[in-house]
Amino acid sequence: MDYTRCRTLAASCMRHHYEDNPMAQQPGGGTAPRLIKKYPNRRLYDTETSTYITLADLPLAEWNALLAVNLTGYFLCAQVFGRQMRERGDGGSLIHVASIAADHATPFSGAYSVAKAGVAMLSRQLAIEWAEDRIRSNAVHPGMIRTPLSQAFYDEPGATERRAAVIPSGRIGEPQDIADAVLFLASPRSAYVNGDAITVDGGYVRNVMSLIPRAGYGPAPGPRA
């Protein structure tokens, strides 16, 4: 595998994403101001494409817009790349970046969790249907990762420390953590991994039992410094 070429392509995709996506350039932009004014008493949740309200009040247009990007977009890309892989005849590897929200409902996130769950199932179905063409399909489920689009979550004083405190690894993830998992799934080292997912979250989703208060026990020990 040409890792230098992969990194160059990834950097190019990120650059075009930020240049072409005004919401990525302006945290809290997009539909957020309009929804906040329309629903001042509703809880809101920022995702990479918009700001959403409870499902009871979520406009159909907002639901469809998020699914179009976060699910249909994955499907269309898979069709295009899969067709090229089959024409080339030597197989390939599809890696879908989903989220821990695919398996854990995230309240007040609109269609986000639903879309990510769809991505996870899309990846599994592709793995079965295209295996005969030697095309593997796997997913990466990031946890809390600090990126330009999620930075707003960490701007509040103390937010980073509070989030890191519930992660067994004791820190917020970085984009490189996701890139390393993607490179593994794209490489021959994962040749027998198909239809699966790698959760990259520092152990966060496995930490639920330690968060349950228990009589006679103090707080669960945090990560070692």
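In the list A139, A179, which residue meets the criterion of being closer than 15 Å to A98 by Cα, surrounded by fewer than 17 Cβ atoms within 10 Å (Cβ to Cβ) and hydrophobic (A, V, I, L, M, F, W, C)? Don't jump to the end; show me each part of the working.
On the way: A139 fails: surrounded by fewer than 17 Cβ atoms within 10 Å (Cβ to Cβ).
Residue meeting the stated conditions: A179.
Scanning region 72-123 for residues that are of a type in the set (F, W, Y), surrounded by 17 or more Cβ atoms within 10 Å (Cβ to Cβ) and either touching a residue at least 60 places away in the same chain (Cβ under 8 Å) or outside any helix (DSSP H, G or I) (or both) yields a single hit, Y112.
Within region 134-173, the set of residues being in contact (Cβ under 8 Å) with a residue 60 or more places away in the chain, closer than 24 Å to D196 by Cβ and not in a loop (DSSP other than H, G, I, E, B) comprises N138, V140, H141.
Test A197 against the criterion of being surrounded by 14 or more Cβ atoms within 10 Å (Cβ to Cβ), in contact with a helix residue (DSSP H, G or I) (Cβ under 8 Å, 6 or more places away or on another chain) and modelled with pLDDT of 95 or more, and give yes or no. Steps first, please.
On the way: surrounded by 14 or more Cβ atoms within 10 Å (Cβ to Cβ): yes; in contact with a helix residue (DSSP H, G or I) (Cβ under 8 Å, 6 or more places away or on another chain): yes; modelled with pLDDT of 95 or more: yes.
Answer is yes for this residue.
Return yes or no: is L126 modelled with pLDDT of 95 or more, aliphatic (A, V, I, L, M) and buried (at least 20 other Cβ atoms within 10 Å of the Cβ)? Even if it seems obvious, please write down each step before you answer.
Values: modelled with pLDDT of 95 or more: yes; aliphatic (A, V, I, L, M): yes; buried (at least 20 other Cβ atoms within 10 Å of the Cβ): yes.
For L126, the condition - modelled with pLDDT of 95 or more, aliphatic (A, V, I, L, M) and buried (at least 20 other Cβ atoms within 10 Å of the Cβ) - is met.
The single residue among A181, A186, A197 that is in contact with a Cys (Cβ under 9 Å, 6 or more places away or on another chain) and closer than 23 Å to C77 by Cβ turns out to be A186.
Could you count how many residues in region 111-136 are within 15 Å of I100 (Cα to Cα) and of a type outside the set (S, T, N, Q)?
Step one: filter region 111-136 for residues within 15 Å of I100 (Cα to Cα), giving 111-121, 123.
From what's left, of a type outside the set (S, T, N, Q): 111-112, 114-121.
Here the count works out to 10.
Only one of the listed residues (R189, R214) is more than 20 Å from the chain's Cα centre (by Cα) and either polar (S, T, N, Q) or surrounded by 11 or more Cβ atoms within 10 Å (Cβ to Cβ) (or both). That residue is R189.
No other residue among G195, G203 is touching a Ser or Thr at 6+ places or on another chain (Cβ under 7 Å), touching a residue at least 60 places away in the same chain (Cβ under 8 Å) and not basic (K, R) apart from G195. Exactly one residue out of T106, T147 is farther than 25 Å from A78 by Cα and at pLDDT below 95, and it is T106.
The values are calculated or read from the model by the stated rules, or taken from the named source; none is laboratory data. Because the structure is a prediction, the values reported are computed rather than measured. Cβ coordinates were reconstructed from backbone atoms using ideal geometry, including for glycine residues, and neighbour counts include every protein chain displayed.
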